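Comments concern the structure below.
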Amino acid sequence: MQDRIVDILKSMDMDPADFSQGNLDVFSPIDGSLLGKATMDTAETVDAKITAADGAFKKWRTVPAPRRGELVRLLGEELRTHKDALGALVTAECGKILEEGKGEVQEMIDICEFAVGLSRQLHGLTIASERPGHHMREYWQPLGPVGIISAFNFPVAVWSWNAALALACGDSILWKPSEKTPLTAIACQKLFERAAAKFGADAPEGLSDIIIGMRDIGERMVDDHRMALISATGSTRMGREVGPRVAQRFGKCLLELGGNNAIIVAPSADLDMAIPGIVFGAVGTCGQRCTSTRRIIAHESIYDTLVAKLKKAYGSIRIGDPLEAGTLVGPLIDEDSFNTMQRALEAARGEGGTVTGGERTLEDKYADGYYVNPAIVELPEQTASMREETFAPILYIVKYSDFDEAMAIQNDVPQGLSSAIFTTDVREAESFISSAGSDCGIANVNIGTSGAEIGGAFGGEKETGGGRESGSDAWRAYMRRQTSTVNYSRELPLAQGIKFDL
Ligand code: NAD
């Protein structure tokens, strides 16, 4: 195991031995070296953990919601105490820069705070009944064990979005992290266990657990009828497999899948804001965010200026070890990811694209780390490769001449996660977020496509899967709706005035 993660783990009072044993090797994308090991689950251990989660749910659902919120508050405190260390572990395991690693943990803290407040606001409705002497109400009840499947690029935040809400809502949780990032998951589970120990006996055994392994391990959870909700974050390919399997058993599914996010840069755009917005969105996390900016739709009047400024900005990006201060772009997750990026650039060239950047860099320093110069691809029109999500820092740019055309290009992709426009024209701004505007779950004006706050519902349409997580009323996905009619009269009138005289 690398010394640097030993120090990180010790600073969280965790035993490095718990991160260095087992049959799953975990490599750091920083230099390809062995970072640690984890133990993979088996069919039997997954089954036992689901049984425990089911038992825990039956107890947890009876604990009053504000008291459940107290456990989430304690989890948030653990995260606050260990923000820097957990952020550094995220960086070591998935390669995003330290600033983003810590930002991810801050997001966990934020969602815990949100869920604590929520635990006193899981409100239903009272509805006017058509019958005299009747009350009609809508309740939200705990749902059941929630299965969380997460991707490598947000190895901890995605868990917390689900975990904090599910726990406040009265559900137990079982988490299958990416096989590329199990160590951060083990650390999160340990922090949860500390919070649960402080909380006391009301937190049942099995309330939160992790299962580690490849997709077959995830599939066992997906197919188990006891898992009331499967909240799955990852590629559209994964969602295409998981969605029908859960539907087959009439389970609930929340899908957070791939994005292909565009920014329209209008003639009136403030380029001093647009350029940093685009660059952060396109190269942050080395282009491996679901909300990464992948497409620029630039008005012909500012196209040349914009492209020249972007190329200049790209020239000054500091690429390197993400644990080092000052680095803006770390490595891709692995060699496969690099090869996929190269294939996408080759395809774009074949479609008439002009590629700037995209080559491997720092090879001499990191023979097994895949660092790249972020790429800009100028295309004559939106092509097939531009319609796909390539999980790497590739920024495609096309020109437009009128707003409707820009809107059509923006929406003409299979994915529907995030979108943005830079404009100072109020008509364009409002049109962009109108019913005929962006078809995405997220539509921003004068900010980029990535870096969402937790207060809003997060997710997208079309092949992004339709799920919503995090803020707003996303909590409802973790509860079941119950309509209750109470007759406090001495008569038994039927709805719709139906007469049934015995
Ligand atoms: P991936 O689809 O390869 O893996 C994601 C997770 O799904 C992993 O834990 C994996 O083991 C599991 N998995 C894969 N197939 C499965 C199956 N058949 N049954 C059960 N589990 C299965 O994705 P990745 O490469 O880790 O992450 C990148 C992708 O995730 C990108 O497409 C990105 O856009 C997407 N993503 C989306 C969001 C969002 O909120 N919309 C957030 C982060 C990442």
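The values are calculated or read from the model by the stated rules, or taken from the named source; none is laboratory data. None of these values were measured; they are calculated from a predicted model. Neighbour counts run over all protein chains shown; Cβ positions are idealised from the backbone, glycine included.
Within the group 156, 222, 146, which residue is farther than 22 Å from residue 51 by Cβ and at pLDDT 95 or above?
Numbers: 222 fails: farther than 22 Å from residue 51 by Cβ; 146 fails: farther than 22 Å from residue 51 by Cβ.
Selected residue: 156, the only one of 156, 222, 146 that is farther than 22 Å from residue 51 by Cβ and at pLDDT 95 or above.
Looking only at the range 141-189, filter to residues that are aromatic (Phe, Trp, Tyr) and not in a strand (DSSP E or B); which one of those is nearest to residue 30 (Cα to Cα)?
First pass over the range 141-189, keeping only residues aromatic (Phe, Trp, Tyr): 152, 154, 159, 161, 175.
Adding the requirement that they be not in a strand (DSSP E or B) leaves 152, 154, 159, 161.
On the way: 152: 14, 154: 16, 159: 23, 161: 27 Å.
Selected residue: 152.
So which residues in the range 343-358 are touching a strand residue (DSSP E or B) at 6+ places or on another chain (Cβ under 7 Å) and part of a loop (DSSP other than H, G, I, E, B)?
Within the range 343-358, the first condition is being touching a strand residue (DSSP E or B) at 6+ places or on another chain (Cβ under 7 Å), and the residues that meet it are 344-345, 348-349, 353-358.
Correct list: 353, 357, 358.
Kindly indicate whether residue 160 is over 14 Å from residue 477 (Cα atoms), among the hydroxyl-bearing types (Ser, Thr, Tyr) and surrounded by 21 or more Cβ atoms within 10 Å (Cβ to Cβ). Break it down stepwise before answering.
Numbers: over 14 Å from residue 477 (Cα atoms): yes; among the hydroxyl-bearing types (Ser, Thr, Tyr): yes; surrounded by 21 or more Cβ atoms within 10 Å (Cβ to Cβ): yes.
Yes: the conditions hold for residue 160.
Can you name the residue in the range 141-157 that is among the aliphatic types (A, V, I, L, M) and within 12 Å of the ligand (Cβ to nearest atom) and, of all such residues, is surrounded by the fewest Cβ atoms within 10 Å (Cβ to Cβ)?
In the first step, residues of the range 141-157 are kept if they are among the aliphatic types (A, V, I, L, M); the result is 143, 146, 148-149, 151, 156-157.
Now drop any that are not within 12 Å of the ligand (Cβ to nearest atom), which leaves 148-149, 151, 156-157.
On the way: 148: 28, 149: 29, 151: 24, 156: 27, 157: 22.
Top of the filtered list is 157.
From 43, 52, 48, 38, grab the single residue that is without any contact (Cβ under 8 Å) to a residue 24 or more places away in the chain and under 16 Å from residue 209 (Cα atoms). Write out each step before concluding.
Working: 43 fails: without any contact (Cβ under 8 Å) to a residue 24 or more places away in the chain; 52 fails: without any contact (Cβ under 8 Å) to a residue 24 or more places away in the chain; 38 fails: without any contact (Cβ under 8 Å) to a residue 24 or more places away in the chain.
Within the list 43, 52, 48, 38, the selection yields 48.
Mind listing whichever residues of the range 230-258 are crowded, with 23+ Cβ neighbours inside 10 Å and of a type in the set (D, E, K, R)?
Within the range 230-258, just 256 meets the criteria.
Checking residue 318 against (1) surrounded by fewer than 24 Cβ atoms within 10 Å (Cβ to Cβ); (2) touching a residue at least 24 places away in the same chain (Cβ under 8 Å); (3) more than 16 Å from the ligand (Cβ to nearest atom): exactly one of these is not met. Which one?
So residue 318 meets the others, but not (2).
Here's a check for you: in the range 437-469, which residue that is polar (S, T, N, Q) and buried (at least 17 other Cβ atoms within 10 Å of the Cβ) is farthest from the chain's Cα centre (by Cα)? Steps first, please.
First, the residues of the range 437-469 that are polar (S, T, N, Q): 438, 444, 446, 449-450, 464.
Next, from what is left, pick out any that are buried (at least 17 other Cβ atoms within 10 Å of the Cβ): 438, 444, 449-450, 464.
Working: 438: 20, 444: 18, 449: 14, 450: 11, 464: 11 Å.
Only one residue tops the list, namely 438.
Restricting to the range 456-474, and then to whatever is near the ligand (Cβ under 10 Å from one of its atoms) and of a type in the set (Ser, Thr, Tyr), can you tell me which residue is nearest to residue 443 (Cα to Cα)?
464
From 207, 183, 174, 167, which residue is within 15 Å of the ligand (Cβ to nearest atom), at pLDDT 95 or above and within 19 Å of residue 145 (Cα to Cα)? Show your work before the answer.
On the way: 207 fails: within 15 Å of the ligand (Cβ to nearest atom); 183 fails: within 19 Å of residue 145 (Cα to Cα); 167 fails: within 15 Å of the ligand (Cβ to nearest atom).
Of 207, 183, 174, 167, the one residue that is within 15 Å of the ligand (Cβ to nearest atom), at pLDDT 95 or above and within 19 Å of residue 145 (Cα to Cα) is 174.
Mind checking whether some residue in the range 116-130 is more than 17 Å from the chain's Cα centre (by Cα), of a type in the set (Gly, Ala, Ser), at pLDDT 95 or above and within 13 Å of residue 454 (Cβ to Cβ)? If you could, list the steps in order and put the result at the bottom.
Within the range 116-130, the first condition is being more than 17 Å from the chain's Cα centre (by Cα), and the residues that meet it are 116-130.
Checking which are of a type in the set (Gly, Ala, Ser) leaves us with 117, 119, 124, 128-129.
Of the ones still in play, those that are also at pLDDT 95 or above are 117, 119, 124, 128-129.
After this cut, where a residue has to be within 13 Å of residue 454 (Cβ to Cβ) as well, the list is 117.
Taking every residue of the range 116-130 in turn, at least one turns out to be more than 17 Å from the chain's Cα centre (by Cα), of a type in the set (Gly, Ala, Ser), at pLDDT 95 or above and within 13 Å of residue 454 (Cβ to Cβ).
Can you work out which of the residues in the range 218-230 that are near the ligand (Cβ under 8 Å from one of its atoms) and in contact with a strand residue (DSSP E or B) (Cβ under 6 Å, 6 or more places away or on another chain) is farthest from residue 175 (Cα to Cα)? Write out each step before concluding.
Just the residues of the range 218-230 that are near the ligand (Cβ under 8 Å from one of its atoms), to begin with: 218-219, 221-222.
Remaining after also requiring in contact with a strand residue (DSSP E or B) (Cβ under 6 Å, 6 or more places away or on another chain): 218, 221-222.
Numbers: 218: 9, 221: 9, 222: 11 Å.
That would be 222.
Scan the range 235-256 and give yes if some residue there is within 14 Å of the ligand (Cβ to nearest atom), assigned to a strand (DSSP E or B), under 28 Å from residue 375 (Cβ atoms) and in contact with a Leu (Cβ under 7 Å, 6 or more places away or on another chain), otherwise no.
Taking every residue of the range 235-256 in turn, none turns out to be within 14 Å of the ligand (Cβ to nearest atom), assigned to a strand (DSSP E or B), under 28 Å from residue 375 (Cβ atoms) and in contact with a Leu (Cβ under 7 Å, 6 or more places away or on another chain).
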